[in-house]
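Colleague: The following block contains the structure, expressed as structure tokens.
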């Protein structure tokens, strides 16, 4: 079964960002997640300054490229973190862990029982 990620477009998050910064902390925890957000289609804007080799064209839009398993190419698979975190696209900066869009994507993933292949590196200890 192929996982078809939801696209992240910068305009789609404007109404989903947290209005009240004093609200309860997010319930999501990246350490206990299947990294669903790392498989979403991320639309890149010119002002993001993302290197061309990390992007591709999809439906006329410049998006973050993905590897053969659908993971964003900026994900460092050895450390399971964003390798361009400090320079990540604006839409990624606005994707709030535990925010409404994060929760909706995780809920869709859970409801669909989709699997995301993990490729572990190194040898077992």
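Colleague: Once both labels are modelled 7 Å past Cα along the beta-carbon direction, what's the residue 96-residue 110 spacing in nm?
Modeller: With each label placed 7 Å out from Cα toward Cβ, I get 1.9 nm.
Colleague: Going by how many other Cβ atoms sit within 10 Å of their own, how do 110, 56 line up, fewest first?
Modeller: With the fewest neighbours first, 110, 56 line up as 110, 56.
Colleague: Residue separation times 0.36 nm, minus the C-alpha to C-alpha distance between residue 83 and residue 67: what's the value? Working shown, then result.
Modeller: Working: separation 16, 0.36 × 16 = 5.76 nm, distance 1.41 nm.
Fully extending the segment from residue 83 to residue 67 adds 4.3 nm.
Colleague: Per 0.36 nm of contour for each residue apart, how much would the distance between residue 103 and residue 56 grow if the chain were fully extended, relative to their Cα-Cα spacing? Can you show the working numbers first?
Modeller: Working: separation 47, 0.36 × 47 = 16.92 nm, distance 2.69 nm.
Working it through step by step, the gained length comes to 14.2 nm.
Read-outs throughout are calculated quantities, based only on the coordinates presented, and are distinct from any laboratory measurement. Bear in mind the structure is a predicted one, so any value in this text is a computation, not a measurement. So basically every Cβ, Gly included, is an ideal-geometry build from the backbone, and we count neighbours across all protein chains shown.
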